[in-house]
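To start, the structure under review is shown below, and the notes come after it.
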Amino acid sequence: MDLADQELLAGLAPDLVKQIGELGTPRGFGAGERIFSSGAASTSLFFLQSGMVSVKLPDGVRLATLVPGTAFGEMALFEKWRTADVWADSAVRCIELPLERFYQFRDSHPQIGEQIMRNLAGLLVRRLGRANRRIDLLSSH
């Protein structure tokens with residue numbers, strides 16, 4: 001999956017998306033490998049390009065399964081510490097973007113910070129809607 005197809009980067013000019021990609025490091029994880037742990041320092045965010053990952057609480061409760069085109073670890077933009085574990089459900093390819101590099105880039109391209117935060121707000125609203133629907137389903141039984 002191309003970085004331009006990432007939900008978090010929607011609406012950005014192709015040259016800016018390319019520059020953001022060049023700031024990151026391609027990473028690969030094997031099925032069953034932990035990508036990061038709850039409680040670890042939030043120092044980067046990830047753009048999932050292939051494979052599937054699960055976001056889980058430390059007790060193993062699955063919060064979400066993410067597919068290519070989705071960012072994860074994006075709460076690092078708000079939180080200093082990871083609040084969940086992320087595991088590779090299958091072989092995973094992603095780009096890891098260190099926050100320090102992202103912040104430097106955002107400072108020199110202020111318009112991207114606003115667009116990414118707008119995209120992130122939309123993503124969080126959709127996640128909250130799904131969580132509310134699940135709660136409604138569970139409480140109706």
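The values are calculated or read from the model by the stated rules, or taken from the named source; none is laboratory data. Predicted, not measured: the structure shown is a model, and the values here were computed from it. Every residue, glycine among them, receives a Cβ derived from its backbone with ideal geometry; neighbour counts consider all protein chains shown. The protein model used for the area step is the full one, side chains on, heavy atoms only, and it has no ligands, DNA or RNA in it. Shrake-Rupley method; radii C 1.70, N 1.55, O 1.52, S 1.80 Å.
Miscellaneous remarks
- Which of Lys56, Lys80, Lys18 is most accessible, then next, and so on - probe 1.4 Å: Lys80, Lys18, Lys56
- By accessible area with a 1.4 Å probe, ligands and nucleic acids excluded, highest first: order of Leu8, Leu138: Leu138, Leu8
- Tensor-based shape of the stretch 20-135 (alpha-carbon gyration tensor, a/c under 1.5 rounded, otherwise prolate or oblate): oblate
- Rolling a 1.4 Å probe over the heavy atoms of the protein chains gives the chain an accessible area of 55 Å² per residue.
- Solvent-accessible area, 1.4 Å probe, carbon plus sulfur percent, for the stretch 42-84: 61
- Of the complete DSSP H runs in the chain, those spanning 24 angstrom or more by Cα along the long axis with a mean Kyte-Doolittle score not below -1.0 are 110-139.
- Projecting label points 7 angstrom from Cα along Cα→Cβ for Ser50 and Leu128 puts them 3.6 nm apart.
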